[in-house]
Amino acid sequence: MTGKKVTKSLARTEKSKGAKKTPPNKKAVRPTWDQYFVSICEMVGSRGTCDRGKSGCVIVKDKRILTTGYVGSPPGLAHCDDIGHEMHKVTHDDGRETMHCIRTVHAEQNAIVQAARNGIALFGSTLYCKMTPCYVCAKLIISAGIIRVVAMKDYQASKQSKRIFKEAKVKLDILDEEVEKY
Ligand SMILES: [Zn+2]
Ligand SMILES: [Zn+2]
């Protein structure tokens, strides 16, 4: 009985060897790795719970995704979309005042925290995100041992982040010239 089965599977292998090949698809356009991971950030960000900033983050090593994060309240806490924002006034050096929602954990922070939850080392990894990370996120990125940051766009208040990335030798690549303001 067993012998019969082996003969059958051999016959199938012979057949597939003779299968007709189709010509190569020379028009096929694949996104670059940076485009690929940055576009995944957009889908991840769409799960955000605060409509003031629906951004997503993906952390990658050796072209493999280690962790993802989006803008959201910590688990079990109320969402902005359900109860409204928690607005906070920020006064800048030049006296200018802007309002920010502080209810949520940033996408970059959530990606780092998810890695911590699952015991994943981020040392030597690359972080993809929508905008140049804020000062707090930038410090966490450096502390986690992330060595490269790829942002889709620049952020108007990114001076401090850029300074510490440079100082800590974290490579920052901004794909789009456009500056995000909000
Ligand atoms: Zn909010
Ligand atoms: Zn941030």
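Bear in mind these aren't lab numbers, they're just calculated from the coordinates by the rules spelled out. Everything numeric here is computed off the predicted structure, so don't read it as measured data. Note that each Cβ is placed from the backbone with ideal geometry, even for glycine, and that neighbours are counted across all protein chains shown.
Ordering His100, Pro133, Ile83 by Cα displacement along the dipole of region 53-170 toward the positive end leaves Pro133 in first place; charges were set at the Cβ atoms of Lys, Arg (+1) and Asp, Glu (-1).
Model label points for Lys21 and Ile65, set 7 angstrom from Cα along the Cα-to-Cβ axis, are 3.3 nm apart. Label-to-label distance, Ala28 versus Gln160, with points set 7 angstrom from Cα along the beta-carbon direction: 4.7 nm. Taking all Cα pairs closer than 8 Å and separated by 6 or more residues, the relative contact order of region 19-164 comes to 21 percent. When 1/r is averaged over all different Cα pairs and the result inverted, which Kirkwood radius in Å belongs to the chain? One decimal place: 18.9 Å for the Kirkwood radius. Looking only at trypsin sites (Lys or Arg not before Pro) in DSSP loops with at most 12 other Cβ atoms within 10 Å, what is the longest site-free stretch of the chain? Answer from the scan: 97-168.
Bridges between two residues of the chain, per DSSP, are antiparallel at a rate of about 60%.
By the beta-carbon count within 10 Å of each Cβ, the least crowded to most crowded order of Tyr155, Tyr70, Tyr135, Tyr128, fewest first, is Tyr135, Tyr155, Tyr70, Tyr128.
In debye to the nearest 20, how big a dipole does region 54-182 give about its Cα centre with +1 on each Lys and Arg Cβ and -1 on each Asp and Glu Cβ? Kindly include the intermediate steps, with their values, before the conclusion.
On the way: 19 positive and 15 negative charges, 106 e Å.
Taking the Cα centre of region 54-182 as origin, the dipole is about 520 debye.
Region 113-182 to region 20-78: how many Å between their Cα centroids? A separation of 15 Å, based on Cα centres.
For the Cα atoms of the chain, what angle does the longest principal axis make with the long axis of helix 2-17, in degrees from 0 to 90, nearest 10? Roughly 70 degrees, rounded to the nearest 10. Which angle from 0 to 90°, rounded to the nearest 10, does the C-alpha axis of helix 107-118 make with the longest principal axis of the chain? Rounded to the nearest ten degrees, it is 60.
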